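Novice: I'd like to ask some things about the structure below.
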Amino acid sequence: MFLSIFTCICIFICGCDGARRETTTDEYIRRNGYPLEVHKAETPDGFILTLFRIPGETGATPVYLQHGLVDSSDSWFCMGRNRSIGFTLADAGYDVWAGNFRGNVYSSRHKRLKPDMREYWDFSWDTLGLIDVRVMIQYILQTSGQPDLIHIGHSMGTTSFFVAASSDEQLNQLVRTHIALAPITSFEHSPSPVFSAQFIEPLITLLQSYEQEHQQQDEQSILETAKDAMDALQVPSGLSTLMASLKSYVSPVGTQVAGYAEMVTTSLNRIRNTVPDYLGMDEIIELINLALDRGEVRGSLGRKYCQMSPAHERFCLRVLSIVQGDDEHHLTKELIRLLFRTLPKSSSLKEFLHYLQQRQAGRVFFYDYGTEERNMLEYGSPTPPEVNFGKIKVPVYFVYGPNDLFTSVEVCQIIK
């Protein structure tokens, strides 16, 4: 995942004002001199999904690009001509379509619900596969008049496609090829410290408890839940102290991944009681409450925070490197600034919990509601259904980096 679970939990709760106005997908496309069409596709449950299209010549093969967690169509175009996959495909003669999942800035509209309603955010990546992916594929083929397309997914864009293709035999006939960039399934083999027992157990307990008890909580108990979150997750509260702590414990490039979990845990323990030096505690609690209360992870807060100053930017990058793989030596200052101007976007909190549920499974399953009774209500079974990769007939090509702590050859073998 391009933005880690740890990053989202620890950084999305902190925000500020003053970040520069963000460039949008349509602006990226027009600025680079390409033709543009903006399309809207409605899901059966009322979301209005936005797709950006760089149309190809008549008869051109459609390529459907689908972003990952806390991302959007921006990432396919933001690096400009000759460096962005969206433009490269258009130059090669393809009919390029970039989709956006429900809940992000481009697909935030709903016929009945509003983003400040909890029901609006009640979805995970199994829902995206069963509904959003199908709707966008059907829309693209109907509009282009072509019999099939190529699907390119990144991170959660691959997980949702695996759900879609394993659940719909007909969909397999509509997709010529699926190219899986940094594919995500189970995290059983992930060495990332975000899946260490010290971090993941209190996090899952907290989120599951919140999901089950939310309806009975009053305003005061919600604030208490937010305070408990600060303690359970050992959220860093002082930027300068955290920076100094991480500097002492983060090893240079080449350090064995096995030592990351202990280093991060030790660092966070040392600074957990530090008084905030950039936000008051009341503000932090209010922001946590806001995210949990609606089931939303607010990407705008994360983007603003990481652009506050070079120190904040450096902190965000360090956390990313620790939990997902250290490749900072490949990044220029331009790319780092572009990264935090583009990411993260808003996503459902449920998507994060769903991924955490896959941590030791060795398999991929639909969202687990935590009780046999609730799962029976949702699925007609005491346990959630599994994704049956044997039903996927689409040729799949895997593309991943050896230093990616979330994706590995074992992940690809699960899919095979």
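Here, each number is a calculation from the coordinates, and none is a lab measurement. Keep in mind that this is a model prediction, so the values were computed, not measured. Glycine gets a Cβ as well: all are built from the backbone with ideal geometry, and neighbour counts include every protein chain shown.
Novice: Distance check, please: which entries in 111/393; 304/333; 111/391; 111/304; 114/345; 350/391 exceed 24 angstrom between their Cα atoms? Don't skip to the end; give the middle numbers.
Specialist: Working: 111/393 34 Å; 304/333 17 Å; 111/391 33 Å; 111/304 29 Å; 114/345 17 Å; 350/391 26 Å.
Flagged as over cut-off: 111/393; 111/391; 111/304; 350/391.
Novice: Here's a follow-up. Could you give the alpha-carbon Rg of the stretch 37-141 over 2.2 N^0.38 Å, rounded to two decimals? If you can, show how the numbers build up before the last one.
Specialist: Values: Rg = 14.2 Å, N = 105, 2.2 N^0.38 = 12.9 Å.
Here the answer is 1.10, to two decimals.
Novice: A further question follows. For residue 177 and residue 38, what is the calculated FRET efficiency with R₀ set at 30 Å and r taken between the beta-carbons, to the nearest 0.05? Display every interim value, and only then the final one.
Specialist: Working: r = 26 Å, r/R0 = 0.86.
That pair, residue 177 with residue 38, gives E of 0.70.
Novice: Could I ask something else about it? Using 0.36 nm times the number of residues separating residue 27 and residue 381, minus their current alpha carbon distance, what extension gain do you get?
Specialist: On the way: separation 354, 0.36 × 354 = 127.44 nm, distance 4.68 nm.
Additional length available on full extension: 122.8 nm.
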